[in-house]
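Let me begin by presenting the structure, written as structure tokens, before commenting on it.
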């Protein structure tokens with residue numbers, strides 16, 4: 001798999017690392033320990049996310065895994081919802097207390113990119129040594145276009161529906177997707193829960209509530225969906241976004257929406273249907289996450305929804321498609337389709353089927369879900385092995401996107417370390433000096449007049465870009481520097 005890291009694999013200067021970290025970097029990579037019943041693993045360093053980036057992604061994942069407690073490992077298997085307009089206490093508690101390692105921004109915002117930058121930077125500070133062993137969050141958003149575009153307003157182009165996108169030439173769609181991807185990435189979001197790779201027949205589209213009704217499909221045949229969906233995917237991921245193909249094995253043959261309806265069943269799709277083709281194409285094009293639907297598929301596994309089906313996950317996704325990335329569920333917090341299962345049973349069902357990440361837009365169910373998975377892992381060695389494998393897959397993909405590399409410390413000090421990180425983000429020579437070239441590049445990036453001299457106007461424009469309130473600063477004060485450092489952590 002080709003990696004487009006969010007955080008550069010280049011390490012920060014050795015002098016900036018704590019002695020404990022230097023010791024940890026010298027340790028050989030160990031074989032992953034078993035997931036113990038009591039979680040006796042102890043973090044060895046201040047930030048367990050800091051590993052030698054000369055290691056392969058799988059070796060980085062193993063090194064971090066071995067430094068985590070059992071609770072921290074289990075937390076990597078969840079993605080919790082938090083309002084894009086402001087994370088609530090239930091969401092922050094899920095991360096800080098229940099060690100949840102991933103976040104999905106829910107709802108809609110039209111306030112633009114700066115408030116999102118502020119929110120994602122703050123969210124990342126929750127990933128402390130105690131919470132996630134210092135492993136950063138994957139922060140996700142639904143940025144498809146049309147009716148499904150969470151991030152809107154200044155700094156985000158309005159995206160048309162996938163059906164409209166599918167009428168564009170590959171050249172045009174690629175160009176637009178690259179722009180959209182850069183906008184999302186620069187907001188601090190690093191996972192797009194898109195593209196939709198479901199195929200809906202034209203004659204059935206208006207009756208297909210989850211996809212066709214909202215024009216979320218790229219076309220009406222698997223060939224068109226595969227072509228245009230992967231074109232969108234490759235354009236978006238060029239900026240460093242991790243992309244998610246959904247909703248396997250397809251929601252194009254059902255009438256009901258699993259979010260609002262129970263008993264949704266596909267009676268057409270088989271294990272070899274051509275509707276699978278777009279998902280195979282998405283994987284080949286670099287989708288590192290694959291979302292599984294919660295519909296039933298009568299001709300594949302009539303006993304369980306796809307997200308709880310080992311036939312679908314281990315048989316089709318891991319076996320038929322050879323997918324080794326993250327298998328993530330559709331929403332299991334509020335969806336009516338799974339309401340008959342307790343929250344704990346839903347989480348166990350995903351992992352037991354071979355999945356890796358349980359998504360819930362409702363943070364209030366996280367305690368029950370985490371406790372259920374932890375208890376089952378403590379008492380069932382077979383399930384415990386599935387948890388271990390899933391955690392390592394999540395950490396490996398995070399390593400591929402640079403999330404296990406060294407992190408810029410948030411000190412409020414505008415020193416050489418921060419200046420070097422800033423220059424890396426700007427894509428210019430890394431001198432560690434805030435010179436005229438750096439000033440011009442930063443002014444251009446934040447929309448300030450490009451004059452090569454940093455003054456009050458530039459500072460105000462930077463604060464606006466970061467979503468900070470304007471304090472009239474004329475020089476680099478601690479508050480602004482800390483805000484910049486938090487933001488850079490989401491970018492490099």
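Read-outs: derived from the displayed coordinates by stated rules, not from any lab. Keep in mind it's a predicted model, so treat the numbers as computed, not measured. For neighbour counting, all protein chains shown are included, and Cβ atoms are generated from backbone atoms with ideal geometry for every residue, glycine included.
Across the range 416-491, the fraction of Cα-Cα pairs farther apart than 19 Å, rounded to a whole number, is 26%.
The long axis of helix 416-426 is offset from the longest Cα principal axis of the chain by roughly 50 degrees. Counting only alpha carbon atoms, the long axis of helix 113-124 and the longest principal axis of the chain meet at about 90°. A simple spin-label model places pseudo-atoms 7 Å from Cα toward Cβ; at residue 206 and residue 385 they are separated by 5.3 nm. Restricting to bridges with both residues inside the chain, how much of the DSSP beta-bridge set is antiparallel, in percent to the nearest 5? Percentage antiparallel, nearest 5: 10. Working from Cα pairs under 8 Å separated by at least six residues, relative contact order for the range 416-491 is 22 percent.
Considering only C-alpha atoms, what is the centroid distance from the range 195-262 to the range 385-451, in Å? Using only Cα atoms to place each centre, the spacing works out to 33 Å.
Starting from the 7 Å offset along Cα-to-Cβ, what nm value, one decimal, do you get for the label separation of residue 178 and residue 450? Roughly 1.8 nm, to one decimal. The range 108-134 and the range 452-492 have Cα centres spaced 17 Å apart. Peptides 186-193, 371-378, ordered by how many other C-beta atoms sit within 10 Å of their residues on average, highest first, read 186-193, 371-378.
Under 8 Å for C-alpha pairs, at least 6 residues apart: give me the relative contact order for the chain, rounded to a whole percent.
18
Each label point was placed 7 Å from the Cα along the Cα-to-Cβ direction; for residue 169 and residue 255 their separation is 4.2 nm. Helix 478-491 axis versus longest C-alpha principal axis of the chain: approximately 40°, rounded to the nearest ten.
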